[in-house]
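The values are calculated or read from the model by the stated rules, or taken from the named source; none is laboratory data. Here the structure is a predicted model, which means the values were calculated and not measured. Here the Cβ positions follow ideal geometry from the backbone for every residue, glycine too, while neighbour counts run over all protein chains shown.
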Amino acid sequence: MTDATKTPIALESRLVDAARLFSPSAARNRDPIGDQLAGLLPPGARVLEIGSGTGEHAVAVCQRRPDIVWQPSDPDAASRASQDAWAAEAAPNMLPALDLDLTRPEAAEQLGRFDALVCLNVIHIAPWTVAEAIANASQALIADDGLIYLYGPYLEGEATAASNLEFDRSLKSRNPSWGVRARSDVEALFAASGWARPQRHEMPANNLSLVFDRRSPI
Ligand SMILES: C[S@@+](CC[C@H](N)C(=O)[O-])C[C@H]1O[C@@H](n2cnc3c(N)ncnc32)[C@H](O)[C@@H]1O
């Protein structure tokens with residue numbers, strides 16, 4: 001049996017300029033994500049991002065919303081260095097990147113409380129235990145009137161885009177513990193941690209953003 005916790009962290013393809021990394025996929029989706037998050041976050045929001053990658057999404061939101069404070073994080077050291085380099089270059093409202101993997105024991109302790117948790121393109125390319133850890137930690141990490149923003153591909157039964165089915169096969173061939181997640185499974189997981197059924201927004205390239213709050217389900 002493969003021990004998924006021993007497999008290397010999966011990173012999207014990236015270009016390099018000193019410490020700053022550039023992700024071609026982030027170049028395609030950072031503006032729609034940045035626009036959407038800029039419209040959703042409350043004034044002065046404290047935001048925790050899980051798996052911030054190159055840091056380019058954080059920059060996109062922070063530049064649109066200089067009033068917010070963004071805490072980037074990643075278990076990957078090169079990603080954290082990129083996040084810090086982007087912050088120094090372009091986004092003073094980004095805090096120094098945290099080495100954060102919520103599946104580690106006690107990882108969420110002493111992080112404080114945030115108004116929003118953002119996680120983009122992570123839960124399909126990590127074991128399901130990562131999604132479980134995020135949902136579990138969100139109960140204490142996120143304010144009662146806060147929100148969770150998840151972005152990525154999802155399975156939606158017969159409505160699933162062919163490209164996402166192919167992506168799912170490709171992920172599972174690389175690591176059986178990865179895979180495009182069923183939206184219904186993700187919603188059930190977060191419901192068990194007190195989050196209502198999310199707003200579902202269609203995004204470019206057959207991705208979705210799911211926006212959870214704690215209001216009662218409709
Ligand atoms: C496909 S990349 C996405 C990066 C960025 N969010 C984006 O959309 O461009 C996946 C990211 O998740 C991070 N990651 C992997 N396992 C993780 C874990 N257990 N907890 C948090 N982040 C993790 C990786 O280091 C990587 O930066």
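Given the options LEU155, LEU147, name the one that is away from the ligand (no atom under 11 Å from the Cβ), under 27 Å from GLU106 (Cβ atoms) and either in a strand (DSSP E or B) or of a type in the set (Val, Ile, Thr) (or both).
LEU147
Give me the pairs: first residue in segment 10-31 and within 15 Å of GLY152 (Cβ to Cβ), second residue modelled with pLDDT under 90 and surrounded by 12 or more Cβ atoms within 10 Å (Cβ to Cβ), beta-carbon distance under 6 Å, and six or more apart or on different chains, which are they?
Qualifying pairs under 6 Å: SER23/GLU12; SER23/ARG14; SER25/GLU12.
Scan segment 32-49 for residues that are without any contact (Cβ under 8 Å) to a residue 40 or more places away in the chain and touching a helix residue (DSSP H, G or I) at 6+ places or on another chain (Cβ under 8 Å) and jot them down.
GLY34, ASP35, ALA38
Does GLU49 count as modelled with pLDDT of 95 or more, among the acidic types (Asp, Glu) and over 21 Å from VAL130 (Cα atoms)?
Against the criterion (modelled with pLDDT of 95 or more, among the acidic types (Asp, Glu) and over 21 Å from VAL130 (Cα atoms)), GLU49 does not qualify.
Out of all the residues in segment 185-214, which are in contact (Cβ under 8 Å) with a residue 24 or more places away in the chain and not hydrophobic (A, V, I, L, M, F, W, C)?
Correct list: SER193, GLY194, PRO198, HIS201, PRO204, ASN206, ASN207, SER209, ASP213, ARG214.
Being within 11 Å of the ligand (Cβ to nearest atom) and surrounded by fewer than 17 Cβ atoms within 10 Å (Cβ to Cβ) narrows it down to one of PRO72, PRO92, PRO24, PRO42, so name that one.
Criteria check complete, one pass: PRO24.
Here are the criteria: (1) buried (at least 21 other Cβ atoms within 10 Å of the Cβ); (2) within 15 Å of the chain's Cα centre (by Cα); (3) of a type outside the set (Phe, Trp, Tyr). Tell me which single one GLY146 does not satisfy.
(2)
Tally time: how many residues in segment 110-140 are within 27 Å of LEU171 (Cβ to Cβ), more than 9 Å from the ligand (Cβ to nearest atom) and part of a helix (DSSP H, G or I)?
7
What single numbered condition from (1) touching a Phe, Trp or Tyr at 6+ places or on another chain (Cβ under 8 Å); (2) part of a loop (DSSP other than H, G, I, E, B); (3) away from the ligand (no atom under 11 Å from the Cβ) fails to hold for ASP67?
Condition (1) is where ASP67 drops out.
Checking THR54 against (1) surrounded by 17 or more Cβ atoms within 10 Å (Cβ to Cβ); (2) near the ligand (Cβ under 9 Å from one of its atoms); (3) more than 13 Å from the chain's Cα centre (by Cα), which single condition isn't satisfied?
The failed condition is (3).
Out of segment 177-218, which residues are among the polar types (S, T, N, Q), more than 30 Å from PRO24 (Cβ to Cβ) and modelled with pLDDT of 95 or more?
Within segment 177-218, SER184, SER193 qualify.
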